[in-house]
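What follows is a short report on a single structure.
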Amino acid sequence: MLGCTGGAGQTVTSLMIGHTLAAHRDEPVVAVDVNPGPNGLSRRVGAQTPETLTALLANADEVDDYARMRGYTSRASTGLEVVQTLDDPYVQTLDDRDYAHLTNLLGRFYSVTLLDPAATGVARALPVADGLVLVAPANADAERAVSMTFEWLDGNGYGALRAASVLVVNGVSKRSLEDVDAAERVARGRCRAIVRIPWDDHLGSSYTRIDVGALRPSTKRAHGALGGVLVNTLTRA
């Protein structure tokens, strides 16, 4: 997951993709919080274990079955599991080998792993990614943010990942359609798909946790479409 600008909704999108895939597919799905802070994945799911991402990496040799793996995750009602970070400062020091080790480990137990990195971790997360979801806000910054993100990906050797990416435009309303259209013109033909997520008060508020049942039907349908597009993209990859 990569937010094209601050406040784009990267973490919320990570959670909603995770909830959607976990609820509708008979396969285990895990999201990894690599972005410590009060609004991270860990806080929005609710910690059920004191273990963190760095503890998992430190004890990876002992995680030899799913039961042990579950000791390092918290589980939402949808079935989504989260490897939490909370306020662990060591997450910021993870290097390329740590990301490779992490994804190899999780790949033994989960069919889909979602990484929600901080800006400082993006360059280390991209080499292990099979797919990329770009997240842009439905506002006047979207056009510039999408353009700059595409240029950065191309300039750093991730043109193929960019071409196969899914662009999510968050918080679309009638008032923002002009800005959304401008951002989509930049992206059209340069990514695999574009998905609009309508404005929803529940997602746009400061709720600590997302109640999937409280979302509007149109929001659920949009995330269902996003999940389908993403699975198709990963299958092709």
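The values are calculated or read from the model by the stated rules, or taken from the named source; none is laboratory data. What you see is a predicted model, and the numbers here were worked out from it, not measured in a lab. Note: ideal-geometry Cβ built from the backbone for every residue, glycine included; neighbour counts use all protein chains shown.
Count of the range 77-136 residues, restricted to those that are over 18 Å from N35 (Cβ atoms) and among the charged types (D, E, K, R), is 3.
Identify all residues within the range 113-146 that are touching a helix residue (DSSP H, G or I) at 6+ places or on another chain (Cβ under 6 Å), buried (at least 19 other Cβ atoms within 10 Å of the Cβ) and over 16 Å from Y158 (Cα atoms); write none if there are none. Across the range 113-146, the qualifying residues are T113, L114, L115, D116, P117, V135, A136, A138, N139, A142, E143. Screening L53, L21, L15 for residues that are closer than 26 Å to A138 by Cβ, among the hydrophobic types (A, V, I, L, M, F, W, C) and in contact with a strand residue (DSSP E or B) (Cβ under 6 Å, 6 or more places away or on another chain) leaves exactly one candidate, L21.
Does D201 qualify as being surrounded by fewer than 20 Cβ atoms within 10 Å (Cβ to Cβ), modelled with pLDDT under 95 and either out of contact with any Phe, Trp or Tyr (no Cβ under 6 Å at 6 or more places or on another chain) or closer than 22 Å to M16 by Cβ (or both)? Even if it seems obvious, please write down each step before you answer.
Working: surrounded by fewer than 20 Cβ atoms within 10 Å (Cβ to Cβ): yes; modelled with pLDDT under 95: yes; either out of contact with any Phe, Trp or Tyr (no Cβ under 6 Å at 6 or more places or on another chain) or closer than 22 Å to M16 by Cβ (or both): yes.
For D201, the condition - surrounded by fewer than 20 Cβ atoms within 10 Å (Cβ to Cβ), modelled with pLDDT under 95 and either out of contact with any Phe, Trp or Tyr (no Cβ under 6 Å at 6 or more places or on another chain) or closer than 22 Å to M16 by Cβ (or both) - is met.
Considering the range 209-220, and only residues there that are exposed (fewer than 15 other Cβ atoms within 10 Å of the Cβ) and touching a helix residue (DSSP H, G or I) at 6+ places or on another chain (Cβ under 6 Å), the residue that is modelled with the highest pLDDT turns out to be A214. V91 fulfils the conditions (1) closer than 30 Å to S218 by Cα; (2) touching an Asp or Glu at 6+ places or on another chain (Cβ under 9 Å); (3) of a type in the set (A, V, I, L, M) except for a single criterion, (1). Can R43 be described as surrounded by 15 or more Cβ atoms within 10 Å (Cβ to Cβ), at pLDDT below 95 and either touching a strand residue (DSSP E or B) at 6+ places or on another chain (Cβ under 9 Å) or not polar (S, T, N, Q) (or both)? So R43 passes the test.
Going by the conditions given, is G3 touching a residue at least 60 places away in the same chain (Cβ under 8 Å) and on the phi > 0 side of the Ramachandran plot? Full working, then the answer.
Working: touching a residue at least 60 places away in the same chain (Cβ under 8 Å): yes; on the phi > 0 side of the Ramachandran plot: no.
Answer is no for this residue.
For the range 1-40, filtered to residues that are over 30 Å from E184 (Cβ atoms) and in contact with a Leu (Cβ under 7 Å, 6 or more places away or on another chain), the residue that is surrounded by the fewest Cβ atoms within 10 Å (Cβ to Cβ) is P36. Residue count for the range 21-40 satisfying the condition of being part of a helix (DSSP H, G or I) and either at pLDDT 95 or above or within 21 Å of L102 (Cα to Cα) (or both): 2. Within the range 6-35, residues that are free of Cβ contacts under 8 Å to residues at least 12 places away in the same chain have Cβ atoms under 8 Å from residues that are among the aromatic types (F, W, Y) in no pair, counting only partners at least 6 apart in sequence or on another chain.
Looking across the range 162-201, the residues that are closer than 18 Å to L226 by Cα, assigned to a helix (DSSP H, G or I) and not charged (D, E, K, R) come down to A163, V180, A183, A187.
Residue count for the range 152-175 satisfying the condition of being in contact with a Phe, Trp or Tyr (Cβ under 8 Å, 6 or more places away or on another chain) and either touching a residue at least 60 places away in the same chain (Cβ under 8 Å) or of a type outside the set (A, V, I, L, M) (or both): 3.
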